[in-house]
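What follows is a short report on a single structure.
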Amino acid sequence: MAINNLFRFPAESKLPTIKLAEENLMPTITVVQFDGQSRAIEVETGKTLMQNVLDNMVPGIDADCGGACACGTCHCFIGEDWSEATGAADPMEESMLGMRPDRLASSRLSCQIEITDDMDGMVVRLPEYQM
């Protein structure tokens with residue numbers, strides 16, 4: 001057998017091609033800053049909204065406590081139509097939100113919202129005091 005034949009694949013052998021399945025696409029969330037600038041970001045499920053915004057370097061989330069629900073500097077506004085997907089604030093989060101001068105019914109702490117696929121398309125607004 002010639003040495004050249006040792007390094008060839010038979011004609012009928014093919015290397016598999018790898019395709020990304022549509023299910024592997026990441027959800028997209030639009031973050032709207034107080035001044036009206038918006039940016040769509042791909043977010044990683046299982047991480048918090050706060051961490052995804054920080055990872056994408058979108059200004060407007062301070063996250064002084066690092067996500068421990070102890071400061072309220074990751075405050076955001078979630079549209080009413082997304083409240084089921086994000087869930088309700090627990091008592092600890094409610095306590096932190098109570099210290100916000102700009103609290104609204106749609107207020108949440110982004111450190112307390114874990115991203116799921118159901119949040120694809122969600123719009124999040126950021127408050128003025130975190131610019």
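A 1.4 Å probe over all protein chains sorts R125, R100 by accessible area into R125, R100, starting with the largest.
Among 89-96, 111-118, the peptide with the highest mean count of other Cβ atoms within 10 Å heads the list, and the full ranking is 111-118, 89-96.
Express in nm, to one decimal, how much length is gained between M26 and S83 on full extension, taking 0.36 nm for each residue of separation and deducting their alpha carbon distance. Walk me through the numbers before you get to the answer.
Working: separation 57, 0.36 × 57 = 20.52 nm, distance 2.02 nm.
Roughly 18.5 nm would be gained on extension.
To the nearest 10 square angstrom, how much accessible area does M99 have with a 1.4 angstrom probe? Here the accessible area works out near 130 Å². Label sites at D120 and E42, each approximated as a point 7 angstrom past Cα along Cα to Cβ, lie 1.3 nm apart. Shape class of region 43-124 from the Cα gyration tensor (axes a ≥ b ≥ c, square roots of the eigenvalues): oblate, since a/c reaches 1.5 or more and a/b does not exceed b/c. Annotation for D55 and A105: the two label points, set 7 Å from Cα along the Cα-Cβ direction, are 3.3 nm apart.
Rounded to the nearest 10 square angstrom, D62 shows an accessible area of 80 square angstrom against a 1.4 Å probe.
The values are calculated or read from the model by the stated rules, or taken from the named source; none is laboratory data. Please read all numbers here as calculations on a predicted model, not as lab measurements. All Cβ positions, even for glycine, are placed from backbone atoms using ideal geometry, and neighbour counts span all protein chains on display. These area figures cover heavy atoms from the full protein model, side chains too; ligands, DNA and RNA do not enter into them. Shrake-Rupley method; radii C 1.70, N 1.55, O 1.52, S 1.80 Å.
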